[in-house]
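So the structure is just underneath, and the comments pick up after that.
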Amino acid sequence: SNALGTRHIGRQVIYFAQTDSTNLRAHELGKSGAPEGTVVLADSQTAGKGRLGRRWSSPAGVNLYASVLVRPPVAPRHASQLTFLSAAAVARTVAETASLPVSVKWPNDVLVAGRKIAGLLNELDAETERIHYLVLGIGVNLNMTADQFPEDLRYPATSMLLATGRSVSRIDFTRCLLRHLDVLYELYLTQGFVPVLEAWMSYFDLIGRAVEVDYHDRRVVGTVAGLDDDGALLLVLGDGSRERVLAGDVRPLK
Ligand code: BTN
């Protein structure tokens, strides 16, 4: 164990005052054989990456931008399980830092009072049989003020400061997050995905709710029955049939 008291995550922490993207730095480290648990942090990113080729606004001095390198001994098709792991760790950290209504949005956002507070971007480097490494990219809006959000934002967003009226210590939040990641990763290695999914599920508030999902150019309306052990969303449709959704945008119906 190290100064953080963790077994895996944060064995090595590399800090940049500014970089293009912590995920890109973590990829370089992954390719050059850096140990599992290496964490890259940046104060600001000039080309922060979001999902679907979008940008992640990354102003200096206010937020958390982290990428964690892991080498889980699982098949590449299980890589998406690690997204639930990072989301659960972020949700626990937010809940431990302030009493806020934290929830997770399937498959990979963390919300406070229905507004996005964190984004996750996991990237895989694998052959067909084996994961070389995975980069868990985590951005959490901590002390960002309303005027620092991009104008063309497509979703309602918030920060710890906006949600609580108080600023949070970035170093304390970061330490807390790395510890939660470590606890969940140890659980994942020793007991598999089920306990990690249970941790995530405790923040998921759409079970039994009617939702609409856009995926594969099609809109499906159904009731959320749960998740399967790959993290796919299970829906019961109007005619009683079941549908497994692997990716897509889920919105609750009133
Ligand atoms: C999303 O679109 O919701 C995912 C955003 C992920 C942002 C984080 S910030 C740290 C890491 N480095 C990046 O370039 N992106 C991720």
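How many residues does the range 44-69 contain that are closer than 20 Å to Asp125 by Cα, more than 8 Å from the ligand (Cβ to nearest atom) and either surrounded by fewer than 23 Cβ atoms within 10 Å (Cβ to Cβ) or not assigned by TED's automatic domain parsing to the domain that holds Val135 (or both)?
Number satisfying all stated conditions: 1.
Is at least one residue of the range 114-121 over 11 Å from the mean Cα position of the chain (by Cα), closer than 18 Å to Leu189 by Cα and part of a strand (DSSP E or B)?
No; the residues of the range 114-121 include none that is over 11 Å from the mean Cα position of the chain (by Cα), closer than 18 Å to Leu189 by Cα and part of a strand (DSSP E or B).
Can you name every residue in the range 146-160 that is surrounded by 19 or more Cβ atoms within 10 Å (Cβ to Cβ) and not small (Gly, Ala, Ser)?
Those that are surrounded by 19 or more Cβ atoms within 10 Å (Cβ to Cβ) and not small (Gly, Ala, Ser): Thr158, Met160.
Give the residues of the range 30-43 that are under 20 Å from the mean Cα position of the chain (by Cα) and of a type in the set (A, V, I, L, M, F, W, C), sorted by residue number.
Val39, Val40, Leu41, Ala42
Could you grab me the full set of residues in the range 146-173 that are in contact (Cβ under 8 Å) with a residue 60 or more places away in the chain and polar (S, T, N, Q)?
Within the range 146-173, Gln148, Ser159, Thr164 meet the criteria.
Taking the conditions exactly as written (more than 24 Å from Leu85 (Cβ to Cβ), free of Cβ contacts under 8 Å to residues at least 24 places away in the same chain and not assigned by TED's automatic domain parsing to the domain that holds Ile138), does Val236 satisfy them or not?
Answer is yes for this residue.
The values are calculated or read from the model by the stated rules, or taken from the named source; none is laboratory data. Only a predicted model underlies this, so the values are computations on that prediction, with no experimental measurement involved. Note that we place each Cβ from the backbone using ideal geometry, even for glycine, and neighbour counts take in every protein chain shown.
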